[in-house]
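The values are calculated or read from the model by the stated rules, or taken from the named source; none is laboratory data. Owing to the predicted nature of the structure, the values given are computational and were not obtained by experimental measurement. Methodologically, a virtual Cβ is constructed for each residue, glycine included, from the backbone with ideal geometry; neighbour enumeration extends over all protein chains shown. Remember, those area values only see protein heavy atoms, side chains included, never the ligands or the DNA or RNA. Shrake-Rupley method; radii C 1.70, N 1.55, O 1.52, S 1.80 Å.
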Amino acid sequence: MKTCLVVDDSKVIRKVARHILETLSFEVAEAEDGQQALIHCEATPPDVVLLDWNMPVMSGMEFLQALGRSNVIARRPKVVFCTTENGIAHIKAAIEAGADEYVMKPFDRDTLASKLQIVGLA
C-alpha cells in the first residue's frame, strides 16, 4: 500500500486529507509540524508528504530544506506542498527547494488525486 505523511498544524486539515487519501488507497500518518515530520521520515520514509507551508516549530520550507540535507533517509519521499500561499514567488520557492508539486487549500479529492498522479503515485 502507498503511504502518505500529512503534515499540517490544523487537525481539521489533517482529518480531511486523511479521509481523501484513504479513499485513494493510501496508508496515512500525521504530523503537526515539520520537526515531527522529519523524525517520521527518518524512521519510516513515506512515499509522499503532503506538506503545509505555515506551521509552528518548523515550517514547511524548513522541513523541505532539512529533508534535502538529511543523509539518514534511505529514499526521499515525493513532496506536495498544500497551502493557502498562492503567489508565484511562493510556488517557485517551493519547487526550487525540492517540492515535487503544489496544491492550493481548500482542495478536493479530484485535485489531490491529480497532483498525486503527476508525481507518479496515483
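Quick look at the values:
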item: Of all residues making up the range 64-102, the number that are touching a Lys or Arg at 6+ places or on another chain (Cβ under 8 Å) and under 18 Å from GLU22 (Cα atoms); result: 2
item: Enumeration of residues in the range 22-66 that are touching a helix residue (DSSP H, G or I) at 6+ places or on another chain (Cβ under 7 Å), open to solvent by 30 Å² or more (accessible area, probe 1.4 Å), more than 21 Å from HIS90 (Cα to Cα) and without any contact (Cβ under 8 Å) to a residue 40 or more places away in the chain; result: GLU30
item: Residues located in the range 67-119, provided they are modelled with pLDDT under 95, in a helix (DSSP H, G or I) and either under 18 Å from ALA29 (Cβ atoms) or open to solvent by 40 Å² or more (accessible area, probe 1.4 Å) (or both); result: LEU67, GLY68, ARG69, ILE88, ALA89, HIS90, ILE91, LYS92, ILE95, GLU96
item: Spans of strands (runs of 3 or more DSSP E) in the range 1-52 with at least 1 residues closer than 20 Å to ASN86 by Cβ; result: 2-7, 48-51
item: In the range 3-24, the residues that are basic (Lys, Arg) and within 16 Å of MET55 (Cα to Cα); result: LYS11, ARG14
